[in-house]
Amino acid sequence: MTDIVFVGPSLPAGQVERLLPDARIHPPVAHGDLLRLDVGPGDRVLIIDGFFLQHPPVRHREILDLLARGVTVAGAASMGALRAAELWPFGMRGVGDVYQLYRDGVVTGDDEVAVVHGPAEDGHRILSEPLVNVRIALRRAVTAGVLDDVEAARLLQLCRDLPFRRRSYRALERTAPPDAAEVVDRFLTWHRSDPWDAKGADARLLLSLAAADAAELHPAGPADQPIDNLHTRFLDSWRSRHAGATVGGHWVNDRDVAAVLMLLHPESPARHRRAVLAGVAQVDPADPDVEDRAVEVAREQGLLAGGPTGQDWLTDAERDLDPREAALRLLVRAFGTTPYRSLAWWMVAEPLRRPALRAAARQVAATAMSLNETMLPRTTGGRRPGGRLHFRTEVVDGCFAALWGCPPDGLAAAAWDRGFVDLESFRYAAEPLVAYLRAFGPPRLPAAPGGPVNDESRAGTPVRVG
């Protein structure tokens with residue numbers, strides 16, 4: 001069993017190590033972090049802190065994905081409490097006062113757990129006071145008889161009126177109106193004699209329960225609501241962007257690997273064509289009649305009423321194709337293309353997703369990254385945001401037109417037939433590979449299992465790769 005803890009300002013890392021000695025400690029969770037984890041049934045992901053502004057926050061669907069895979073996910077104190085209060089019906093576990101306040105609807109604003117803090121090198125030192133801490137301290141003051149309900153409610157409102165970056169007990173003291181000064185002084189005098197960090201206490205509770213293997217932290221089960229419609233293009237795109245592996249010192253995500261296989265594998269167009277048509281026909285891609293069945297289904301659904309339409313998917317050179325082949329190309333291009341930002345691992349035809357091919361493509365992508373990195377300092381004005389090596393459009397187009405053996409005016413069709421919705425998407429995916437191709441030529445990627453695909457009806461001249 002592996003315990004992974006996402007924590008930052010709510011609790012020092014040293015306390016995490018003492019309470020849960022074998023845990024793997026990560027910084028506050030952000031969008032994509034959960035998709036990088038290599039976890040499964042029996043593992044536990046404990047979320048305490050998370051980013052709100054510096055990075056996109058962790059998405060609900062990322063947590064649901066872990067729950068659906070049998071991973072125990074629990075939260076407390078801050079982002080963990082917030083997400084647990086939203087996802088407890090589906091099996092995310094939450095503990096502590098902050099979680100209960102959110103779960104019961106007493107607190108609804110994300111800002112109540114937000115804090116300003118220093119960098120990781122400074123131990124995420126807290127520079128403001130979360131409103132939820134003030135709320136719970138006021139509640140304790142009422143219980144202790146220091147304040148009455150009306151006084152506590154007024155002080156809470158005074159703190160709420162401050163931007164979350166400016167919230168602190170000192171700011172409450174400085175900004176309180178004169179008629180509230182005595183109440184503020186009474187509260188702060190009591191609080192300073194008996195301080196209580198609610199978020200820290202909740203974080204310690206979560207870790208203590210985990211160390212004790214408490215029943216409260218059990219995985220999602222039959223008593224929880226089923227997780228339906230989990231896998232969407234959004235999740236698949238996020239996973240391809242964030243999941244991956246380090247090769248030669250470079251992080252290579254699954255989208256990089258997909259781009260290599262779609263652009264450089266010689267079987268990519270034929271495998272992609274069969275996969276898309278099989279999806280239209282709802283048959284196995286290995287079905288020898290997949291093309292006939294796809295055309296038949298398309299006609300039944302009215303997609304080809306009156307013959308092939310959607311001529312924007314055909315080039316001028318393809319206008320005189322026989323109706324059947326025109327229809328097939330239209331279907332492949334209309335249903336099998338995506339923008340680069342939505343490129344996901346599932347877009348790669350299943351035979352090309354085998355481990356050996358994936359590993360080889362990841363190595364090609366890592367080598368391309370290393371080469372691009374080496375060339376950047378020698379390129380005047382060649383750096384783009386993100387450190388991309390920039391080539392002129394005609395260089396990218398010419399490189400791949402030669403690789404694929406197609407004329408320049410056939411490049412759009414060749415890109416469509418590999419799954420790219422337009423030349424802009426193709427170029428963005430292809431540009432990082434230009435230096436590699438010019439230096440080493442096309443890679444010799446392993447063949448897909450099952451032998452070559454008979455694809456005599458492909459558009460343009462045969463693909464020329466290695």
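The values are calculated or read from the model by the stated rules, or taken from the named source; none is laboratory data. Since the model is a prediction, treat every value here as computed from it, not as a measurement. When we count neighbours, we look across all protein chains shown, and the Cβ atoms used for this are built from the backbone with ideal geometry, even at glycine. The accessibility values were calculated without ligands, DNA or RNA, using every heavy atom of the protein model including side chains. Shrake-Rupley method; radii C 1.70, N 1.55, O 1.52, S 1.80 Å.
The set of residues in segment 31-50 being open to solvent by 10 Å² or more (accessible area, probe 1.4 Å), outside any helix (DSSP H, G or I) and touching a residue at least 24 places away in the same chain (Cβ under 8 Å) consists of His31, Asp33, Leu37, Val39, Gly40, Pro41, Gly42, Asp43, Arg44, Gly50.
Gln54 meets all of the listed conditions (1) surrounded by fewer than 19 Cβ atoms within 10 Å (Cβ to Cβ); (2) in contact with a strand residue (DSSP E or B) (Cβ under 9 Å, 6 or more places away or on another chain) but one, namely (2). If the condition is being of a type in the set (Lys, Arg) and either in a strand (DSSP E or B) or open to solvent by less than 10 Å² (accessible area, probe 1.4 Å) (or both), then segment 1-30 contributes only Arg24.
Of Pro443, Pro452, all but one fail to be modelled with pLDDT of 95 or more and either assigned to a loop (DSSP other than H, G, I, E, B) or open to solvent by less than 20 Å² (accessible area, probe 1.4 Å) (or both); the exception is Pro443.
Checking Ala120, Ala85 one by one, the residue that is closer than 20 Å to Leu46 by Cβ, modelled with pLDDT under 95, open to solvent by 10 Å² or more (accessible area, probe 1.4 Å) and among the aliphatic types (A, V, I, L, M) is Ala120 and no other. Go through the residues of segment 198-212 one by one and say whether even a single one is open to solvent by 90 Å² or more (accessible area, probe 1.4 Å) and without any contact (Cβ under 8 Å) to a residue 12 or more places away in the chain. Within segment 198-212 (the criterion being open to solvent by 90 Å² or more (accessible area, probe 1.4 Å) and without any contact (Cβ under 8 Å) to a residue 12 or more places away in the chain), the answer is no, since none of the residues qualifies. Looking only at segment 421-438, decide whether some residue is modelled with pLDDT of 95 or more, over 30 Å from the mean Cα position of the chain (by Cα), among the aromatic types (Phe, Trp, Tyr) and open to solvent by 20 Å² or more (accessible area, probe 1.4 Å). Scanning segment 421-438, I find no residue that is modelled with pLDDT of 95 or more, over 30 Å from the mean Cα position of the chain (by Cα), among the aromatic types (Phe, Trp, Tyr) and open to solvent by 20 Å² or more (accessible area, probe 1.4 Å), so the answer is no.
Here are some residues: Val142, Val106, Val134. Which one is open to solvent by 40 Å² or more (accessible area, probe 1.4 Å), closer than 27 Å to Arg186 by Cα, of a type in the set (Val, Ile, Thr) and touching a helix residue (DSSP H, G or I) at 6+ places or on another chain (Cβ under 6 Å)? If you could, list the steps in order and put the result at the bottom.
Values: Val106 fails: touching a helix residue (DSSP H, G or I) at 6+ places or on another chain (Cβ under 6 Å); Val134 fails: open to solvent by 40 Å² or more (accessible area, probe 1.4 Å).
Answer to the check: Val142.
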